[in-house]
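Below you'll find the structure, written out as structure tokens, and then a few comments.
The values are calculated or read from the model by the stated rules, or taken from the named source; none is laboratory data. The model shown is predicted, which means the values in this text are computed figures rather than measured ones. Here Cβ is always computed from backbone atoms with ideal geometry, including for glycine, and neighbour counts include all displayed protein chains. Note: accessible area is taken over every heavy atom of the protein model, side chains too, but ligands, DNA and RNA are not part of it. Shrake-Rupley method; radii C 1.70, N 1.55, O 1.52, S 1.80 Å.
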Amino acid sequence: MDLDVLFVGTAGSAPSARRGLPATLVRRGGDRLLFDCGEGTQRQLVRSTGLVELEEIFITHFHADHVLGLPGMLKTFSLRQRERALTVYGPRGLRALFRTLQPIVGRVTFDVELVELEPNDELSRDGYRIAAYATDHGVTALGYALVEEPRPGAFDPERAQQLGVAPGPDFGRLQDGQTVNGVTPDQVMGEARRGRRVVIAGDTAPCEMTRLVAFEADLLVHEATFLDEEADRAAETRHSTAAQAGELAAAAGVNMLALTHISPRYGGKEVRDEARAAFENTVVPRDFDRIEIPFPERGEAELVKFSEQELVQ
């Protein structure tokens, strides 16, 4: 099952020539989950993957740089005569936000379901769940964790044959958890293998809940709006410095840290270097870069840089 994270927009509160406003697309198998939808997100998607028929959008909080792309995207879907329902998730206040946006959005050709989540709410999906948790941004805000279910252990065909099970359909029954000719699955299956975990923190000051939720995660996507020299400004606005994000990633024991919400005042390298002083496996993706996350036994997460040749014309 493929799993990757596409960085649709990596800027902070204001876009730059090379960074769009916040939006992150998580792709798992055939599922496409968009986290935040800053101004221009639909164009960013058109330029990279194409404007996919999203079914679920997750909003971390309601600051303008994270939500103003929603009206245009909904209208474009409607102009394409979309009929499938779209569900938007977010913290308390989501319905009030959409009441405000209604005169702009107008009528659309499909149902928009609004679901307000509380911290610790979980959404079950096929083989994984999405957990919401409280972050620290001075307003009601959520981070999200995609957590895969444990997978069955590896099947040992030689052991199965030694126990008298013939190759063929009976092998499949054992792997499905059935007992065959007195042979139980636990006799021929290895220990359960952990699933993958991706945490998207959104805008937040460093907080203990992110450390707990991201414990040993394959990937933590965390903001780094400031460098350490502006730590006072970061604290005042409930944002994080790159150093703080690196320290949090180290404390959580994550595999990889990806820094986003990059201010136009920085190029990216200085942000990465500051975080790496605390956590070496730190990357600062640019728009349209992606991180591929294989199953743990197949390797570690890898940043794949975007090439201009890949742009959709």
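Some observations on this one:
- Solvent-accessible area per residue in the chain equals 46 Å², computed with a 1.4 angstrom probe and all protein chains kept.
- Split the accessible area of the chain by element, probe 1.4 Å, and carbon with sulfur accounts for 47%.
- Fraction of antiparallel bridges per DSSP, the stretch 195-313 only, in percent to nearest 5: 25 percent
- Residue-averaged [θ]222 nm for the chain, counting only DSSP H segments that reach four residues, each worth -39500 (n - 2.57): -7000 deg cm²/dmol
- Rounded to the nearest 0.05, the FRET efficiency derived from the C-beta distance between GLN81 and GLU208 at R0 = 45 Å is 0.45.
- Result for the chain in a Gaussian network model with C-alpha springs under 10 Å: among ASP111, ASP126, ASP203, the largest mean-square fluctuation is at ASP126.
- FRET efficiency for GLU216 and ALA14, using Cβ-Cβ distance with R0 set to 41 Å, rounded to 0.05: 0.75
- GNM result for the chain, Cα springs below 10 Å: residue of ARG151, ARG197, ARG290 fluctuating most strongly: ARG151
- Working from label points 7 Å from Cα in the Cα-to-Cβ sense, the VAL139 to ASP228 distance is 3.0 nm.
- Degrees between helix 70-79 axis and first principal axis of the chain (Cα, 0 to 90, nearest 10): 70 degrees
- Spin-label model distance (nm) - LEU163 vs ARG193, 7 Å beyond Cα toward Cβ: 1.9 nm
- Here the stretch 108-257 carries DSSP beta bridges of which approximately 80% are antiparallel, counting only pairs with both residues inside.
- The length gained on full extension between ALA96 and PHE155, counted as 0.36 nm times the residue separation minus their Cα-Cα distance, comes to 16.1 nm.
- Stretch gain in nm, segment THR237-LEU303, where the contour uses 0.36 nm per residue and the Cα spacing is subtracted: 20.8 nm
- Value of Rg/Rh across the stretch 142-195 [Cα atoms, Kirkwood radius]: 1.18
- Whether the stretch 1-159 is rounded, prolate or oblate, judged on the alpha carbon gyration tensor where a/c under 1.5 counts as rounded: prolate
- Candidates GLY50, GLY190, GLY38, ranked by Gaussian network fluctuation over the chain, Cα under 10 Å, top entry: GLY190
- Note, ³J(HN,Hα) from phi for the stretch 278-287, Karplus 6.51, -1.76, 1.60, rounded to Hz, x at Gly and Pro: 9, 8, 5, 7, 10, 10, 10, x, 9, 4
- Where labels lie 7 Å past Cα in the beta-carbon direction, separation of GLN178 and ASP121 in nm: 4.0 nm
- Annotation: the antiparallel percentage among DSSP beta bridges lying fully within the chain is about 60.
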